[in-house]
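Enquirer: Below you'll find the structure I mean.
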């Protein structure tokens with residue numbers, strides 16, 4: 001179960017976006033459909049100017065109890081803290097190092113810290129430094145095999161922890177909203193021996209809601225390579241207005257540093 005979960009949710013190792021380098025992708029390299037997608041989700045300015053992105057998620061894997069976490073990510077430097085209230089688990093990352101206490105999750109804190117932040121904010125993250133975007137024409141996506149515009153999202157060498165990850169975005173040609181994407185991950189600490197990446201999984205945005213003028217997912221489903229559903233996630237208590245609590249980055253008694261290898 002642990003190995004299966006690691007490969008299933010793999011896809012979001014920490015990608016750096018410091019205040020010193022938030023210029024984003026080059027304007028002349030961004031396909032028009034990506035600009036339209038960002039606008040359909042509420043625009044770049046409102047998202048980028050938010051002091052933090054925070055939410056509570058409930059992740060459900062078949063055969064396992066739900067796992068609820070609360071995540072707060074500081075925009076710009078992407079410092080973050082996370083807690084699992086039912087387990088007494090806490091963790092924090094200052095952008096360079098991560099620590100945790102009572103961590104019994106199957107994935108390391110450094111990987112998990114921005115996992116759902118990435119899954120949920122991908123329309124805007126296409127503009128991060130180091131991102132490469134390439135239109136791939138049209139494709140089909142979802143249980144209804146709807147036609148979509150597809151864009152390949154990859155990373156320049158040296159971008160974040162795992163520059164060999166990729167996301168194949170599927171954008172609705174009418175609404176311009178992101179319907180979901182296929183993805184892989186290459187975080188070495190969660191790979192089985194001899195594997196260079198996870199299998200390609202598919203994440204589908206099932207439901208969206210508007211929060212502070214931004215259109216965000218409130219439920220998604222992950223499908224394996226065989227297109228069978230393997231997990232769902234419900235997201236609630238979205239906020240783009242909370243201040244970031246600097247004190248939560250201070251390592252607390254009983255905590256340990258994450259020494260995993262990206």
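The values are calculated or read from the model by the stated rules, or taken from the named source; none is laboratory data. For clarity, every value in this text was computed on a predicted model and none was experimentally measured. Cβ coordinates were reconstructed from backbone atoms using ideal geometry, including for glycine residues, and neighbour counts include every protein chain displayed.
Enquirer: Which condition from (1) loosely packed, with under 13 Cβ neighbours inside 10 Å; (2) within 17 Å of residue 55 (Cα to Cα) is the one that residue 250 breaks?
Expert: Going through (1) loosely packed, with under 13 Cβ neighbours inside 10 Å; (2) within 17 Å of residue 55 (Cα to Cα) one by one, residue 250 breaks only (2).
Enquirer: Looking at (1) out of contact with any strand residue (DSSP E or B) (no Cβ under 6 Å at 6 or more places or on another chain); (2) in contact (Cβ under 8 Å) with a residue 40 or more places away in the chain, which one does residue 49 not meet, given that it meets all the others?
Expert: (2) is the only condition that residue 49 fails.
Enquirer: If you take the residues of the range 68-81 that are touching a strand residue (DSSP E or B) at 6+ places or on another chain (Cβ under 9 Å) and surrounded by fewer than 19 Cβ atoms within 10 Å (Cβ to Cβ), which of them is nearest to residue 243 (Cα to Cα)?
Expert: That would be 70.
Enquirer: Regarding residue 130, is this residue touching a residue at least 12 places away in the same chain (Cβ under 8 Å), within 17 Å of the chain's Cα centre (by Cα) and at positive phi?
Expert: Judged against the criteria, residue 130 is a match.
Enquirer: Which residue out of 175, 210 is over 27 Å from residue 88 (Cβ atoms), under 20 Å from the mean Cα position of the chain (by Cα), touching a residue at least 60 places away in the same chain (Cβ under 8 Å) and surrounded by fewer than 17 Cβ atoms within 10 Å (Cβ to Cβ)?
Expert: Testing whether each residue is over 27 Å from residue 88 (Cβ atoms), under 20 Å from the mean Cα position of the chain (by Cα), touching a residue at least 60 places away in the same chain (Cβ under 8 Å) and surrounded by fewer than 17 Cβ atoms within 10 Å (Cβ to Cβ) leaves just 210.
Enquirer: Additional query: State yes or no: is residue 140 outside any loop (DSSP other than H, G, I, E, B), within 21 Å of residue 199 (Cβ to Cβ) and modelled with pLDDT of 95 or more?
Expert: Answer is no for this residue.
Enquirer: Output yes when any residue across the range 239-260 is under 30 Å from residue 43 (Cβ atoms) and touching a helix residue (DSSP H, G or I) at 6+ places or on another chain (Cβ under 9 Å), and no when none is.
Expert: Taking every residue of the range 239-260 in turn, at least one turns out to be under 30 Å from residue 43 (Cβ atoms) and touching a helix residue (DSSP H, G or I) at 6+ places or on another chain (Cβ under 9 Å).
Enquirer: Can you pull out every residue in the range 158-179 that is more than 15 Å from residue 115 (Cα to Cα) and at pLDDT 95 or above?
Expert: Matches in the range 158-179: 168, 169, 170, 171, 172, 173, 174, 175, 176, 177, 178, 179.
Enquirer: Something else: For residues that are in contact with a helix residue (DSSP H, G or I) (Cβ under 7 Å, 6 or more places away or on another chain) and part of a helix (DSSP H, G or I), scanning just the range 29-47, find the one that is farthest from residue 246 (Cα to Cα).
Expert: Restricting to residues being in contact with a helix residue (DSSP H, G or I) (Cβ under 7 Å, 6 or more places away or on another chain) and part of a helix (DSSP H, G or I), the top hit is 37.
Enquirer: Anything in the range 99-108 that is surrounded by fewer than 24 Cβ atoms within 10 Å (Cβ to Cβ), touching a residue at least 60 places away in the same chain (Cβ under 8 Å) and either touching a helix residue (DSSP H, G or I) at 6+ places or on another chain (Cβ under 9 Å) or in a helix (DSSP H, G or I) (or both)? List them, or say none.
Expert: 99, 103, 106, 107, 108
Enquirer: Right, here's the next one. When residue 237 is evaluated against the numbered criteria (1) in contact with a strand residue (DSSP E or B) (Cβ under 8 Å, 6 or more places away or on another chain); (2) surrounded by fewer than 12 Cβ atoms within 10 Å (Cβ to Cβ); (3) without any contact (Cβ under 8 Å) to a residue 24 or more places away in the chain, which criterion, by number, is the only one it fails?
Expert: Tallying (1) in contact with a strand residue (DSSP E or B) (Cβ under 8 Å, 6 or more places away or on another chain); (2) surrounded by fewer than 12 Cβ atoms within 10 Å (Cβ to Cβ); (3) without any contact (Cβ under 8 Å) to a residue 24 or more places away in the chain, residue 237 fails exactly one: (3).
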